[in-house]
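The values are calculated or read from the model by the stated rules, or taken from the named source; none is laboratory data. It should be emphasised that the depicted structure is a prediction, and the values quoted were computed from it without experimental measurement. Using ideal geometry, Cβ is built from the backbone for each residue, glycine included, and neighbour counts are taken over all protein chains shown.
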């Protein structure tokens with residue numbers, strides 16, 4: 001039987017353009033010019049790339065530091081922005097947490113997640129000791145998907161009600177689901193409790 005020959009990769013000796021360190025590179029990676037990313041960033045951009053960047057950025061206000069607003073334009077900007085803390089787009093479409101909270105406060109009872117008499121802040125009873133007790137009771141298992149769970153959820157969505165029967169352990173993805181279609185989830189958890197008994 002003939003022995004199989006090992007294929008040896010052809011290697012090339014190159015020098016780093018920044019630090020002149022010897023680099024041994026396989027032939028397939030002959031285009032490499034730097035020994036590391038540090039050298040690549042230290043070496044900087046070539047003149048061609050610098051010219052391309054400058055051409056694309058010409059006329060752009062944020063990068064053009066020499067251009068300054070006149071006093072008249074500054075006054076116009078300040079007049080237009082007076083009394084406009086939130087734009088119409090932010091009131092209706094923005095999905096950041098700050099805008100969602102503002103929308104909830106502005107709309108009040110018209111908001112889909114509004115529940116009459118519901119407190120928005122957690123009381124002092126809802127602390128680390130209570131949460132760890134609930135997690136241990138549920139064996140750190142999400143009660144919806146049966147994976148590892150860490151968050152403690154109020155079944156009736158009332159933050160003031162911190163009884164053991166009202167608290168349950170869920171994972172982060174399932175906790176996100178429970179914030180929508182709340183009536184369904186209240187019924188779901190109550191049915192599961194009846195089955196357990």
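Selection within the range 129-142: residues that are within 25 Å of the chain's Cα centre (by Cα) and in a loop (DSSP other than H, G, I, E, B). The member of this set that is surrounded by the fewest Cβ atoms within 10 Å (Cβ to Cβ) is 140. The set of residues in the range 179-197 being at pLDDT 90 or above and under 26 Å from the mean Cα position of the chain (by Cα) consists of 185 alone.
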